[in-house]
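A.B. asks: One structure follows; several queries about it will come next.
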Amino acid sequence: MSLKSIVRELKEMRDGIGSMSRRGVESRRWNGRTKSHVAPEITLTSLEPIQQGQWANLPPELILDIISRVEESETSWPARAVVVHCGSVCKSWRDVTKEIAKTPEQCGRITFPISLKQPGPRDSPIQCFIRRNRETSTYLLYIGLVPSENETDKLLLAAKKVRRATGTDFVVSLVADDFSRSSNTYVGKLRSNFLGTKFTIYDSQPPEGAAIQQDTQSSRRFHSKQVSPRVSAFNHVVSTIAYELNVLRARGPRRMHCTMNSISISAIQEGGTAPTPTSFPQIIDKPFSPSPVLKGKGPSTDLNDVNLPKIPVPSQGSAEPMVLKNKAPRWHEQLQCWCLNFKGRVTVASVKNFQLVAAVDPSHNVSAAEQEKVILQFGKIGKDIFTMDYRYPLSAFQAFAICLSSFDTKPACE
């Protein structure tokens with residue numbers, strides 16, 4: 001049996017199981033409405049070994065060989081969805097798929113949703129593009145060099161811009177039609193101050209091996225009757241972004257500094273590693289008990305405070321966070337503008353274009369090659385179309401949030 005036929009049968013089997021499940025639900029509903037017991041419950045349970053036995057009982061060596069071949073052959077989207085289908089067959093297939101499909105840092109490819117929270121590859125960047133929709137105030141992140149003509153690009157993340165009285169929020173989700181912060185598709189958010197000069201990146205889960213400040217204000221807001229308490233809605237500060245003021249416009253393009261509180265400077269040193277989560281937070285099933293503040297036994301908290309949360313201060317003995325800065329552009333005399341070498345990935349001049357490199361001191365013992373390496377690149381290629389290329393130690397979510405800060409209005413920085 002060829003590899004393509006195996007993949008085809010996997011898809012047909014998955015669709016068949018879904019249709020049988022739907023028919024089973026409909027039959028149970030029909031049986032509840034009538035007096036005659038036509039389809040006994042034991043009939044449904046007898047189908048389970050048939051559904052699982054065809055593929056789950058294969059020898060582990062054969063499963064390993066099949067998934068290895070699929071993983072090696074399907075290296076790009078949308079064909080790489082077959083790897084995800086292999087992980088959807090049953091538990092044994094899912095365990096083997098998770099073992100074979102490596103992280104973006106190891107293989108340079110995005111496979112599962114958790115890959116968006118894992119650092120990118122070290123050697124070459126992952127190339128993506130962002131499509132802005134002005135009417136809906138949404139920003140969609142796709143993987144690929146440029147948008148395709150048939151619009152079959154793989155969506156990675158979506159963000160919605162929400163204006164507040166004291167600033168702006170960009171809510172990031174895994175899907176483009178649900179930006180509720182109580183949903184299990186919620187990934188994180190970006191919040192700005194009133195002037196649009198300082199931003200804070202919140203993650204729905206804390207990075208592994210890092211003590212990150214928790215947004216208690218957001219937690220209190222979700223501990224209410226408006227949102228189901230089953231979903232963990234905590235927000236953890238993982239990065240802060242600060243734009244330098246340029247009121248007189250005498251300092252050239254925008255300048256920013258990104259303090260990556262969740263990534264240590266040791267990540268770019270020789271032998272260093274970056275936090276790599278392996279799963280999303282689990283849904284909380286414990287009963288909810290209101291806090292004293294909600295019960296009226298404590299002082300109320302202003303959730304629309306104009307000030308951003310304080311930057312987490314590393315405790316004694318903790319690692320120093322990595323800081324990203326703009327790569328210095330050069331002035332082009334003939335074009336009379338500031339220029340950067342985007343290697344063909346940016347074609348339209350814009351104040352939003354930037355390249356970020358690590359800001360290091362000689363005491364950090366970071367090689368010259370690492371200091372010159374562009375970690376994040378963002379620029380315009382057309383109307384409402386922007387490219388985003390990122391690499392280790394940033395994840396797709398962190399890179400996307402940093403790029404979203406460039407879309408906010410900054411009258412005092414340009």
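A.B. asks: Restricting region 144-159 to residues that are under 17 Å from the mean Cα position of the chain (by Cα) and part of a loop (DSSP other than H, G, I, E, B), which is surrounded by the fewest Cβ atoms within 10 Å (Cβ to Cβ)?
C.D. replies: Here the answer is GLY144.
A.B. asks: Among the strands (runs of 3 or more DSSP E) lying completely within region 305-414, list those that include at least 2 residues that are modelled with pLDDT of 90 or more, aliphatic (A, V, I, L, M) and within 26 Å of VAL237 (Cβ to Cβ). Spell out the reasoning first.
C.D. replies: Working: elements: 321-326, 330-332, 337-339, 354-358, 376-382, 385-390.
Ranges flagged: 321-326, 354-358.
A.B. asks: Among (1) farther than 30 Å from GLU149 by Cα; (2) assigned to a helix (DSSP H, G or I); (3) touching a residue at least 40 places away in the same chain (Cβ under 8 Å), where does VAL89 come up short?
C.D. replies: Single failed check for VAL89: (2).
A.B. asks: Mind checking which residues of region 101-130 are part of a strand (DSSP E or B) and within 19 Å of SER204 (Cβ to Cβ)? If you could, list the steps in order and put the result at the bottom.
C.D. replies: Applying the first criterion (part of a strand (DSSP E or B)) to region 101-130 yields 119, 126-130.
Scanning region 101-130 gives a single hit, PRO119.
A.B. asks: Right, next: Cβ-Cβ under 7 Å, sequence separation 6+ or interchain: first residue in region 341-368 and farther than 19 Å from ALA242 by Cβ, partner surrounded by 14 or more Cβ atoms within 10 Å (Cβ to Cβ) and among the aliphatic types (A, V, I, L, M). Which pairs?
C.D. replies: VAL346/ILE381; THR347/ILE381; VAL348/ILE381; HIS364/ILE265; VAL366/ILE268; VAL366/ALA358; VAL366/VAL360
A.B. asks: Also: All but one of (1) among the β-branched types (Val, Ile, Thr); (2) surrounded by 21 or more Cβ atoms within 10 Å (Cβ to Cβ); (3) over 30 Å from PHE179 (Cβ atoms) hold for ILE130; state the number of the condition that does not hold.
C.D. replies: (3)
A.B. asks: Taking the conditions exactly as written (charged (D, E, K, R) and touching a helix residue (DSSP H, G or I) at 6+ places or on another chain (Cβ under 7 Å)), does ARG122 satisfy them or not?
C.D. replies: Values: charged (D, E, K, R): yes; touching a helix residue (DSSP H, G or I) at 6+ places or on another chain (Cβ under 7 Å): yes.
The answer is yes for ARG122.
A.B. asks: Still on this structure: Does region 205-221 contain at least one residue that is within 15 Å of the chain's Cα centre (by Cα), part of a strand (DSSP E or B) and either surrounded by 18 or more Cβ atoms within 10 Å (Cβ to Cβ) or modelled with pLDDT of 90 or more (or both)?
C.D. replies: Going residue by residue through region 205-221, those that are within 15 Å of the chain's Cα centre (by Cα) are 205-207.
This time we only want the ones that are part of a strand (DSSP E or B), so: none.
For region 205-221, residues within 15 Å of the chain's Cα centre (by Cα), part of a strand (DSSP E or B) and either surrounded by 18 or more Cβ atoms within 10 Å (Cβ to Cβ) or modelled with pLDDT of 90 or more (or both): absent.
A.B. asks: Right, here's the next one. Restricting to region 144-157, count the residues that are at pLDDT 95 or above and touching a Lys or Arg at 6+ places or on another chain (Cβ under 9 Å).
C.D. replies: Selection size over region 144-157: 0.
A.B. asks: Across region 160-173, which residue is farthest from the chain's Cα centre (by Cα) among those that are touching a residue at least 60 places away in the same chain (Cβ under 8 Å) and surrounded by 18 or more Cβ atoms within 10 Å (Cβ to Cβ)? Steps first, please.
C.D. replies: So in region 160-173, the residues touching a residue at least 60 places away in the same chain (Cβ under 8 Å) come out as 161, 164-168, 170, 172.
Now drop any that are not surrounded by 18 or more Cβ atoms within 10 Å (Cβ to Cβ), which leaves 161, 167-168, 170, 172.
Values: LYS161: 16, GLY167: 22, THR168: 19, PHE170: 13, VAL172: 8 Å.
Here the residue is GLY167.
A.B. asks: Moving on. If you scan region 90-109, which residues turn out to be out of contact with any Gly (no Cβ under 9 Å at 6 or more places or on another chain), farther than 14 Å from PRO60 by Cα and of a type outside the set (D, E, K, R)?
C.D. replies: Within region 90-109, THR103, GLN106, CYS107 qualify.
A.B. asks: Any chance region 68-76 includes a residue that's outside the structural domain of VAL374 (by TED's automatic domain parsing), modelled with pLDDT under 90, crowded, with 20+ Cβ neighbours inside 10 Å and not in a helix (DSSP H, G or I)?
C.D. replies: Yes, some residue in region 68-76 is outside the structural domain of VAL374 (by TED's automatic domain parsing), modelled with pLDDT under 90, crowded, with 20+ Cβ neighbours inside 10 Å and not in a helix (DSSP H, G or I).
A.B. asks: Can you confirm whether region 354-374 contains a residue that is assigned by TED's automatic domain parsing to the domain that holds PHE199, touching a Gly at 6+ places or on another chain (Cβ under 8 Å) and of a type outside the set (Lys, Arg)? Spell out how you get there, then give the answer.
C.D. replies: Let us first name the residues in region 354-374 that are assigned by TED's automatic domain parsing to the domain that holds PHE199, namely 354-374.
Right, trim to touching a Gly at 6+ places or on another chain (Cβ under 8 Å) and you get 354.
After this cut, where a residue has to be of a type outside the set (Lys, Arg) as well, the list is 354.
So far as region 354-374 goes, yes, one or more of its residues are assigned by TED's automatic domain parsing to the domain that holds PHE199, touching a Gly at 6+ places or on another chain (Cβ under 8 Å) and of a type outside the set (Lys, Arg).
A.B. asks: Can you name the number of the only condition in (1) without any contact (Cβ under 8 Å) to a residue 60 or more places away in the chain; (2) under 24 Å from THR259 (Cβ atoms) that PHE179 fails?
C.D. replies: If we test PHE179 against (1) without any contact (Cβ under 8 Å) to a residue 60 or more places away in the chain; (2) under 24 Å from THR259 (Cβ atoms), just (2) comes out false.
The values are calculated or read from the model by the stated rules, or taken from the named source; none is laboratory data. Every value quoted in this text rests on a predicted model; they were computed, and no experiment measured them. Cβ: placed from backbone, ideal geometry, glycine included. Neighbour counts: every protein chain shown.
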